[in-house]
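Engineer: What follows is a structure written as structure tokens; I'll ask about it next.
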Amino acid sequence: MMTEAELGSPTGPGRGRRSSRHGSRVLGCEPVQRGEGIVPAAQAPSTVAQQAATPPAPSASGPQSHSLMPLLFEPYLRRALRQCGRRASAPGADDMTWGHLRREARVMLPQLAIELASGTWQPGPIRDVRLPTYTGKEMHTFIPTVRDRLVHRALRNALEPVLEASAFRDWVSGFRPRRNRITSLRQAAGYSRAGFRWVADLDVASVSEGATIDEVIDWHAEHIHDGTFLARLRTALAAMPSPIAPGSGLAPMLINLRLSQVDKRVSGLRVVRFADNYVAFARTREDAQEAFYTISDALLQLRLRPNEAKSRIRDDANVEDLFLIGG
């Protein structure tokens with residue numbers, strides 16, 4: 001057994017205890033910030049292996065988009081399946097249900113991941129239906145198969161963080177995580193309290209119509225730099241009657257991306273957008289009218305126009321009356 005002298009005196013400095021000696025006790029390992037009388041830990045430079053294992057510092061520009069294809073691997077498809085399964089929805093043209101897909105997931109998801117990685121994935125047929133809405137109108141909807149809706153969800157999961165960081169503005173709500181009508185009302189109330197009581201209220205007509213696939217891919221390419229991933233997105237959109245057709249899991253995000261092109265042109269206004277409804281605030285009727293024309297011109301550049309029945313100039317509008325579905 002080792003003696004007390006060999007082990008060191010029990011009254012001597014131990015780990016974390018004060019020492020009467022100042023400075024580092026290990027030659028060449030001075031602390032970055034010297035604490036008087038505190039025994040420092042050895043501070044050696046990191047090795048190559050340690051440096052390789054250290055994650056890079058987060059970019060100030062937000063999530064990086066140079067390689068999004070790994071986000072279509074099997075684990076991410078499983079996550080997308082869990083998300084899709086939280087809502088009840090009808091089967092597509094092949095009559096496959098979410099229950100069937102979940103039962104076959106052990107076989108189908110690895111195969112789907114291989115198809116997406118290799119570029120052999122091809123969407124299935126589209127089911128064309130008309131659905132009643134709570135405003136009393138019918139909405140022409142195009143329902144993909146549940147397998148394709150799963151891919152849409154995985155694509156959106158990969159795209160959304162990048163677009164949230166670089167494409168969508170703080171004054172835009174609707175079809176976005178944790179941003180709803182209440183968010184827009186709070187922003188509008190701030191302008192109203194500041195004395196901007198005249199309102200240019202514009203609802204965009206047929207916002208999901210008229211866009212081409214090339215346009216949609218170009219909008220994404222401003223923020224996404226993975227050509228293979230954009231090719232998979234193009235394949236998904238080409239299966240729909242139009243890129244932003246209702247029924248696709250991508251449509252809500254694509255509406256925001258389309259209108260983000262308008263947002264660039266009107267960012268100098270005191271404006272709030274909820275979904276496809278722009279509301280600009282001004283102190284005078286003349287300024288509100290000018291804002292109305294500015295937003296209308298920006299829409300025209302995207303081949304869009306205001307909904308004449310819902311768009312108007314308002315005086316002293318009650319904030320709680322803004323951003324209503326019925327106008």
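Engineer: Identify, from the list LEU233, LEU254, the residue that is touching a helix residue (DSSP H, G or I) at 6+ places or on another chain (Cβ under 9 Å), within 30 Å of TYR134 (Cβ to Cβ) and not small (Gly, Ala, Ser).
Structural biologist: LEU254
Engineer: So which of SER311, SER296, SER260 is among the polar types (S, T, N, Q) and either under 18 Å from the mean Cα position of the chain (by Cα) or at pLDDT below 95 (or both)?
Structural biologist: Testing whether each residue is among the polar types (S, T, N, Q) and either under 18 Å from the mean Cα position of the chain (by Cα) or at pLDDT below 95 (or both) leaves just SER260.
Engineer: Considering only residues that are of a type in the set (A, V, I, L, M, F, W, C) and over 30 Å from ARG130 (Cβ atoms), look in the range 90-107 and name the one that is surrounded by the most Cβ atoms within 10 Å (Cβ to Cβ).
Structural biologist: Filtering first and then ranking leaves ALA105.
Engineer: Kindly indicate which of PHE142, PHE168, PHE175 is more than 30 Å from LEU112 (Cα to Cα) and surrounded by 18 or more Cβ atoms within 10 Å (Cβ to Cβ).
Structural biologist: PHE168
Engineer: Would you check if there is a residue in the range 152-160 being buried (at least 16 other Cβ atoms within 10 Å of the Cβ), basic (Lys, Arg) and closer than 17 Å to ILE255 by Cα?
Structural biologist: Scanning the range 152-160, I find at least one residue that is buried (at least 16 other Cβ atoms within 10 Å of the Cβ), basic (Lys, Arg) and closer than 17 Å to ILE255 by Cα, so the answer is yes.
Engineer: I would also like to ask the following. Which pairs do you get when a residue that is among the small types (Gly, Ala, Ser), found in the range 290-308, comes within reach of a residue that is part of a helix (DSSP H, G or I), reach meaning Cβ atoms under 7 angstrom, with the pair 6+ apart or on two chains?
Structural biologist: Close Cβ pairs satisfying both conditions: ALA298/VAL262; ALA298/ARG265; ALA298/VAL266.
Engineer: Looking at (1) within 20 Å of the chain's Cα centre (by Cα); (2) open to solvent by 10 Å² or more (accessible area, probe 1.4 Å), can you tell me which one TYR191 breaks?
Structural biologist: Of everything listed in (1) within 20 Å of the chain's Cα centre (by Cα); (2) open to solvent by 10 Å² or more (accessible area, probe 1.4 Å), TYR191 misses just condition (1).
Engineer: When the residues of the range 211-234 are narrowed to those that are open to solvent by 50 Å² or more (accessible area, probe 1.4 Å) and in contact (Cβ under 8 Å) with a residue 12 or more places away in the chain, which ends up farthest from LEU269 (Cα to Cα)?
Structural biologist: THR228
Engineer: Given the conditions (1) at pLDDT 95 or above; (2) more than 19 Å from ARG234 (Cα to Cα); (3) open to solvent by less than 50 Å² (accessible area, probe 1.4 Å), and given that LEU112 satisfies all but one, which numbered condition is not satisfied?
Structural biologist: Single failed check for LEU112: (2).
Engineer: I'm trying to understand the selection: among the residues of the range 107-136, which are part of a strand (DSSP E or B) and charged (D, E, K, R)?
Structural biologist: Passing the criteria: ARG127, ASP128, ARG130.
Engineer: Follow-up. I'm told GLU222 meets every condition in (1) in contact with a helix residue (DSSP H, G or I) (Cβ under 7 Å, 6 or more places away or on another chain); (2) over 23 Å from TYR191 (Cα atoms) except one. Can you identify the failing condition by its number?
Structural biologist: (1)
Engineer: Which of (1) at pLDDT below 95; (2) farther than 21 Å from PHE175 by Cα does ARG232 not meet, given it meets every other one?
Structural biologist: Answer for ARG232: the failing condition is (1).
The values are calculated or read from the model by the stated rules, or taken from the named source; none is laboratory data. The structure displayed is predicted, hence computed values, not measured ones. Neighbour counts are summed over all protein chains in view; Cβ atoms, including those assigned to glycine, are modelled from backbone coordinates with ideal geometry. The area values use the complete protein model at the heavy-atom level, side chains included, leaving out ligands, DNA and RNA. Shrake-Rupley method; radii C 1.70, N 1.55, O 1.52, S 1.80 Å.
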